[in-house]
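Worksheet: the structure to be examined is printed underneath.
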Amino acid sequence: MQFNGKYVNVKGTSAIPSETGLKSGSTKSPPTVLHVISISLAPSPGSQAPAIKDVTALGAVTGSHPWVTIMCKFSDIADEPNDLAYFQGMYADTKPGLNHYWKELSFGTANIDGSGTGTGWYTCQIRSRIIILPIQKRERIELC
């Protein structure tokens, strides 16, 4: 269970309240109430790496993990798909930016601070129709 972005253990006893507000003959079950005895911090998932069939789970992602976008285009297409501001906006702290996404998802423990974009478009030496050929990713990168 989570409370304020932290994982917690909740201990208590369940009880059915005597005054449920249900009418006589109702087919609905009365709600269950948990009488809380204690709440304590629990380890975050991933802080303990359980083994599953010889596979070890990785720990939680935390800290800053910057990315860079290199804008590449094909030599036979003059148009630029988007401008520099579009790619810089992808990393925004506000919704729907990627930094906002990672901070929200991780309850503020992970981000992409320091991410950026190249200064302009690079034209690859390959044409757009070449991309459908069965060449390896590394070869495509080397052709740019």
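The values are calculated or read from the model by the stated rules, or taken from the named source; none is laboratory data. Quantities reported herein were computed from a predicted structural model and do not represent experimental measurements. Cβ coordinates were reconstructed from backbone atoms using ideal geometry, including for glycine residues, and neighbour counts include every protein chain displayed.
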Item to check | Single residue of region 85-104 satisfying the filter (outside any loop (DSSP other than H, G, I, E, B) and in contact with a Ser or Thr (Cβ under 6 Å, 6 or more places away or on another chain)) that is modelled with the highest pLDDT | outcome: H100
Next on the checklist: Looking only at residues that are in contact with a Gly (Cβ under 7 Å, 6 or more places away or on another chain), surrounded by 12 or more Cβ atoms within 10 Å (Cβ to Cβ) and more than 17 Å from Y101 (Cβ to Cβ) in region 59-74, which one is modelled with the highest pLDDT?
Outcome noted: M71
Checklist outcome for this item: Of T13, T27, T56, T32, the only residue that is exposed (fewer than 10 other Cβ atoms within 10 Å of the Cβ), modelled with pLDDT of 70 or more, at negative phi and not assigned by TED's automatic domain parsing to the domain that holds G114 is T13
Checklist outcome for this item: Out of (1) touching a helix residue (DSSP H, G or I) at 6+ places or on another chain (Cβ under 6 Å); (2) surrounded by 11 or more Cβ atoms within 10 Å (Cβ to Cβ); (3) at pLDDT 90 or above, the one I77 does not meet is (3)
Checklist entry - Looking only at region 72-130, which residues are out of contact with any Pro (no Cβ under 7 Å at 6 or more places or on another chain) and of a type in the set (A, V, I, L, M)? => result I77, A78, L84, A85, M90, A92, L98, L105, A110, I126, I130
